[in-house]
Amino acid sequence: MTHIITRACCNDAACVPVCPVNCIHPTPDEPDYLTAEMLYIDPEGCVDCGACVDACPVGAIVADYDLPDEMARFEEINARWFAAPGRTDYEHEQVSPAKREWDVDGGPLRVAVIGSGPAASYAAEEILSQRGLDARVDMFERLLTPGGLVRFGVAPDHQDTKGALDQFARTLRRPTLRLFLDVQVGRDLTLEQLQERYHAVIYATGAMSDRPLGIPGEDLPGSHSATEFVAWYNGHPDFAQRTFDLSGERAVVIGNGNVAFDVARVLASDPERLARTDIADHALEALRRSNIREVVVVGRRGPTEAAFTSPELIGLAQTPGLDVVVRPEELVLDDATRARAGDQESSISLLKVGLLEELGTTTPSSERRVTLRFLASPAEITGGDWVDGVRLVRNRLVEKDGRVVAEPTGDEEQLACGLVFRSVGYLGSPVDGLPFDEGRGVVTNEFGRVIADGEPVPGLYVSGWIKRGPSGVIGTNKRCARETVARLFEDYLGGRLRPPAEAADVTDLLPRLIDLSGWKAIDTQEKKLGREQKRPRVKLVEREGLLALAQKEN
Ligand code: NAP
């Protein structure tokens, strides 16, 4: 008997240290971790103790005898990872990491964390969970609700992934953490004011803009970024007033990462399925009136290079009332691609192709569908007053500087549609006062230390997407935060952090205080409304309403 990791795996690796036989891989210390779609349990190593089940924040681990039918595929997927040479050569015993020794004078280490999403929460937890370290964290969030990407990025039909919020709530409840909501650094407080009051400041503000495509027609009415659509259906207050014309039958999503899949699923699936989630009410209403029946997801490279992950493909294919359609001719691999993809038995990219091939043999039976296209790039978004289609150019794959890239063949195709979503990656925006790498959309940094003129800026750090760019899943931010906080600790122990010069508390600078109790009032109300409608929560979106609730408690 064995345990199996399933679709919702968040890669935070909370399961790894609790496994007595070290059979969960890749661990964050192993090189494959950064590219792995998920973590896997070695069926030959697992002793069925179940410790990992309790540790998993998103309920992704199941015993094989309890594996639901829709997750059956993951038994093979977990085993497949270990079929590759060398992957079972791990120590079959858990080695506890060496404990850090804390021997510091001079009162508590004071850290300001900016942001309250996964990157911020993991960073705060990493600081406050050190045994023997006297530390205090103040967390500043510009909105009235904490959670960042978990609240405003994770798709509403992925409630299991949103379970990460419970874990972050435990961090928020630590007596050594203070949460300041509705406080924007740069507007309500300056970085200098923070630097006077804290040993260190960690920016974990994410990446909320979108990468431009740079093609004609990109800004036509009816062409939107996926980021704004995601924020809209998740009830982000800055995006709640957006409108999307869903009167046409076909929408096109450009890019085929997991965000593209989220957008396609939300757009194409039966809204009554979403009615049981915490999707924003304004989005649910609009989707109920939607005429969209087909969403075409366009990937510029082939199926082995596609950015979506196998777990998300399985999830998409299993969405009730929705067909996933592929063109078998676009799944044929050339010899070079097949050689690169590796061994048939263990390759995860060939698993993806296998899953797609299976979809190619099923006959569509629903009126709603997501069509996955490969090897096609948008050359132009066409239309006059409104989008009427996408001019696609067919690609071939070539190797360039060690990367497999798409090269246009010259063959073109016009794909008619009434709506386009550009889902080609999020992009970080410059942060006032910090050096910025425009090309990568990140604050210039080395392992989380902010770097200006080639030198680390004492006491300034970054974590999450604003540090490394928009990659990875929720739990990837844990490893990222650990790396940043390790540098912060090195600097603290090395005497490189200036102690706070200003004795006055930061609260003296803030016009009003909305803290954890304010969020609890909002959370309680949202969940109460949710219970009445058999939903996990009903999100409150209007700032005035949120503020009134939060202020009652402060
Ligand atoms: P992504 O995974 O980086 O995908 C971006 C997509 O855009 C790729 O298909 C990329 O193609 C394509 N693209 C980029 N530039 C393009 C261009 N000029 N023309 C055409 N296509 C272009 O980004 P994402 O989907 O925004 O996701 C961000 C991160 O969040 C990812 O790590 C993702 O896994 C994660 N996420 C996870 C989940 C989940 O687990 N459920 C959900 C949402 C997001 P190439 O591959 O050819 O570059």
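The values are calculated or read from the model by the stated rules, or taken from the named source; none is laboratory data. Nothing here was measured: the structure is a model prediction, and the numbers come from that model. Neighbour counts are summed over all protein chains in view; Cβ atoms, including those assigned to glycine, are modelled from backbone coordinates with ideal geometry. All accessible areas refer to the heavy atoms of the entire protein, side chains included, with ligands and DNA or RNA removed. Shrake-Rupley method; radii C 1.70, N 1.55, O 1.52, S 1.80 Å.
Key figures for this structure:
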{"read-out": "Every pair of residues 6+ apart whose Cβ atoms lie under 7 Å, when the first sits in the stretch 466-490 and is without any contact (Cβ under 8 Å) to a residue 60 or more places away in the chain while the second is away from the ligand (no atom under 14 Å from the Cβ) and open to solvent by 20 Å² or more (accessible area, probe 1.4 Å)", "value": "483/447; 487/447; 487/449"}
{"read-out": "Residue satisfying condition, being outside any helix (DSSP H, G or I) and free of Cβ contacts under 8 Å to residues at least 12 places away in the same chain, within set 86, 132, 106, 59", "value": "86"}
{"read-out": "Strands (runs of 3 or more DSSP E) enclosed by the stretch 385-481 - at least 3 residues per element that are within 15 Å of the ligand (Cβ to nearest atom) and open to solvent by 20 Å² or more (accessible area, probe 1.4 Å)", "value": "387-400, 403-416"}
{"read-out": "Checking residue 229 against (1) within 13 Å of the ligand (Cβ to nearest atom); (2) open to solvent by less than 10 Å² (accessible area, probe 1.4 Å); (3) part of a loop (DSSP other than H, G, I, E, B); (4) under 22 Å from residue 286 (Cβ atoms), the condition it does not meet", "value": "(3)"}
{"read-out": "Complete set of residues in the stretch 158-187 that are basic (Lys, Arg) and assigned to a helix (DSSP H, G or I)", "value": "162, 170"}
{"read-out": "Boolean, residue 359 is among the aliphatic types (A, V, I, L, M), away from the ligand (no atom under 14 Å from the Cβ) and touching a strand residue (DSSP E or B) at 6+ places or on another chain (Cβ under 7 Å)", "value": "yes"}
{"read-out": "Pick from the stretch 254-269, criterion open to solvent by less than 40 Å² (accessible area, probe 1.4 Å) and of a type in the set (S, T, N, Q), ranking: nearest to the ligand (Cβ to nearest atom)", "value": "256"}
{"read-out": "Among the residues listed as 125, 141, the single one being closer than 23 Å to residue 426 by Cβ, away from the ligand (no atom under 16 Å from the Cβ) and open to solvent by 10 Å² or more (accessible area, probe 1.4 Å)", "value": "141"}
{"read-out": "Candidate set from the stretch 270-311 (those that are assigned to a helix (DSSP H, G or I) and within 16 Å of the ligand (Cβ to nearest atom)); member that is nearest to residue 241 (Cα to Cα)", "value": "274"}
{"read-out": "Matching residues, the stretch 162-171, being open to solvent by 20 Å² or more (accessible area, probe 1.4 Å) and at pLDDT 95 or above", "value": "169, 170"}
{"read-out": "Residue satisfying all of: in the stretch 312-321; within 16 Å of the ligand (Cβ to nearest atom) and part of a loop (DSSP other than H, G, I, E, B); surrounded by the fewest Cβ atoms within 10 Å (Cβ to Cβ) among these", "value": "318"}
{"read-out": "Test: residue in the stretch 196-210 that is without any contact (Cβ under 8 Å) to a residue 12 or more places away in the chain and under 30 Å from residue 496 (Cα atoms)", "value": "no"}
{"read-out": "Residue check, residue 242 away from the ligand (no atom under 11 Å from the Cβ), in contact with a helix residue (DSSP H, G or I) (Cβ under 6 Å, 6 or more places away or on another chain) and assigned to a loop (DSSP other than H, G, I, E, B)", "value": "yes"}
{"read-out": "Output for the stretch 203-241, where each listed residue is of a type in the set (A, V, I, L, M, F, W, C) and over 19 Å from the mean Cα position of the chain (by Cα)", "value": "213, 215, 220, 240"}
{"read-out": "The stretch 152-161 - residue that is surrounded by 20 or more Cβ atoms within 10 Å (Cβ to Cβ) and away from the ligand (no atom under 11 Å from the Cβ) and, of those, farthest from residue 116 (Cα to Cα)", "value": "156"}
{"read-out": "Count of the stretch 363-377 residues which are open to solvent by 60 Å² or more (accessible area, probe 1.4 Å) and either β-branched (Val, Ile, Thr) or touching a Leu at 6+ places or on another chain (Cβ under 7 Å) (or both)", "value": "2"}
{"read-out": "Test: residue 511 is open to solvent by 50 Å² or more (accessible area, probe 1.4 Å), part of a loop (DSSP other than H, G, I, E, B), of a type outside the set (Lys, Arg) and modelled with pLDDT of 95 or more", "value": "no"}
{"read-out": "Test: residue in the stretch 448-464 that is in contact with a Phe, Trp or Tyr (Cβ under 6 Å, 6 or more places away or on another chain) and either β-branched (Val, Ile, Thr) or over 29 Å from residue 492 (Cβ atoms) (or both)", "value": "yes"}
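To keep it simple, each residue is scored yes or no on (1) under 22 Å from residue 261 (Cα atoms); (2) open to solvent by 20 Å² or more (accessible area, probe 1.4 Å).
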site	(1), (2)
32	no, yes
36	yes, no
42	no, no
63	no, no
67	no, yes
73	yes, yes
80	no, yes
